[in-house]
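Participant: To start, I am sharing the structure in question, which I have written as structure tokens.
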Amino acid sequence: MKRSSAIRRAVLAAAAVALVTTGCTAQAAGSGGGSPKPPATATAPAPSGSAPAGGDGKPSSPAPSSSDPSASSSASSPAPAPSAAFLMKDGDESEQVRELQARLRQLDHFDRAPTGFYGTITAKAVTGFQKKRGLPGTGSVDATTWQRLLAVTKKPTADELKPSTTNALDTPDPRCMTGRVLCISKESRTLAWMIDGRVVSSMDVRFGSENTPTREGTFAVEWKAKDWTSTIYHTPMPYSMFFSRGQAVHYSSDFAARGYAGASHGCVNVRDRAKLAALFDQVKAGDKVVVHW
């Protein structure tokens, strides 16, 4: 009996050692008394709510739980694509508007150089595009209009977005139709020298920034200076024709070099020096100046 008891104790001790070394009952360090860790050679059951590990040994994304209200819908239908809506409307000014105008110009809906400003001319061009393609003619760009335009046009080049050629003239403001007038449109970014409703010459112009805007309204040429330097900014202002408390039409070398990438401090910049020089000789003090959208 003593020998049998000794043999039984030896067998039990050996079994205990085997259990500890395989990890069957060993508690993982720091686990706080949770479920026992499965042996390294066994396949661990996937925890509830997760998928088995992928082929690279990393856990894959959790599988949807049956209690998750989105589980059935996400499994039966793909996730919606991100929205590509771009809303543009009258009064907006941005590089997206410039791209819009360039794309409309490719289709002959917009007949001037892109300005980046969404005004009545752009709204009319958008309406024409919408009606031609069976869309509501709202004159504003919603996601459907934008996607349809992208589908039938190509990405504008740098020259298409900011061409160096002269901008097409805007329809003259009614105030420009009589007398001698410098008719200046902010929408088309043009200056038209008009006499009794007839355009004598025209040129591209640039205006002040949001912080130093060019004033709008009806003015008169107060005085002229062929060679002038700003007393505030100390920059040259050749062929200046002053019309409103220090604001003037004048040549800008910065406009000639950088185009519409810059802005004035409120003056009307001209980039064609030869055209402005000829205009300077024709304009007289007292001639009308109309700045309009």
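Participant: Would you check which residues across the range 210-245 are part of a loop (DSSP other than H, G, I, E, B), among the aliphatic types (A, V, I, L, M) and more than 36 Å from the chain's Cα centre (by Cα) and list them? Walk me through it before giving the result.
Facilitator: Initially, the range 210-245 is screened for residues part of a loop (DSSP other than H, G, I, E, B), giving 210-216, 221-222, 226-228, 230-235, 237-239, 245.
When the remaining residues are screened for being among the aliphatic types (A, V, I, L, M), the result is 221, 232, 237.
Matches in the range 210-245: Val221 only.
Each row is one residue, and each column tells you yes or no for (1) surrounded by 17 or more Cβ atoms within 10 Å (Cβ to Cβ); (2) at pLDDT below 95; (3) within 15 Å of Val290 (Cβ to Cβ); (4) over 34 Å from the mean Cα position of the chain (by Cα).
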| residue | (1), (2), (3), (4) |
| --- | --- |
| Met194 | yes, no, yes, yes |
| Gly197 | no, no, yes, yes |
| Phe207 | yes, no, yes, no |
| Val249 | yes, no, yes, no |
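Participant: Given the criteria in the same structural domain as Arg245 (by TED's automatic domain parsing) and within 15 Å of Trp293 (Cα to Cα), does Ser230 qualify?
Facilitator: On the way: in the same structural domain as Arg245 (by TED's automatic domain parsing): yes; within 15 Å of Trp293 (Cα to Cα): no.
No.
Participant: Identify, please: which residue in the range 121-159 is of a type in the set (A, V, I, L, M, F, W, C), in contact with a Lys or Arg (Cβ under 9 Å, 6 or more places away or on another chain) and exposed (fewer than 15 other Cβ atoms within 10 Å of the Cβ) and is, among those, farthest from Glu99 (Cα to Cα)?
Facilitator: Restricting to residues being of a type in the set (A, V, I, L, M, F, W, C), in contact with a Lys or Arg (Cβ under 9 Å, 6 or more places away or on another chain) and exposed (fewer than 15 other Cβ atoms within 10 Å of the Cβ), the top hit is Val152.
Participant: Only one of Thr115, Thr171 is within 17 Å of the chain's Cα centre (by Cα), among the β-branched types (Val, Ile, Thr) and closer than 21 Å to Asn269 by Cα. Can you tell me which? Give the steps one after another, and end with the answer.
Facilitator: Working: Thr171 fails: within 17 Å of the chain's Cα centre (by Cα).
So the residue among Thr115, Thr171 that is within 17 Å of the chain's Cα centre (by Cα), among the β-branched types (Val, Ile, Thr) and closer than 21 Å to Asn269 by Cα is Thr115.
Participant: Any chance you could count how many residues in the range 198-251 are in contact (Cβ under 8 Å) with a residue 60 or more places away in the chain and not polar (S, T, N, Q)?
Facilitator: 17
The values are calculated or read from the model by the stated rules, or taken from the named source; none is laboratory data. What you are looking at is a predicted structure, and each value in this text was computed from that prediction instead of being measured. Cβ coordinates were reconstructed from backbone atoms using ideal geometry, including for glycine residues, and neighbour counts include every protein chain displayed.
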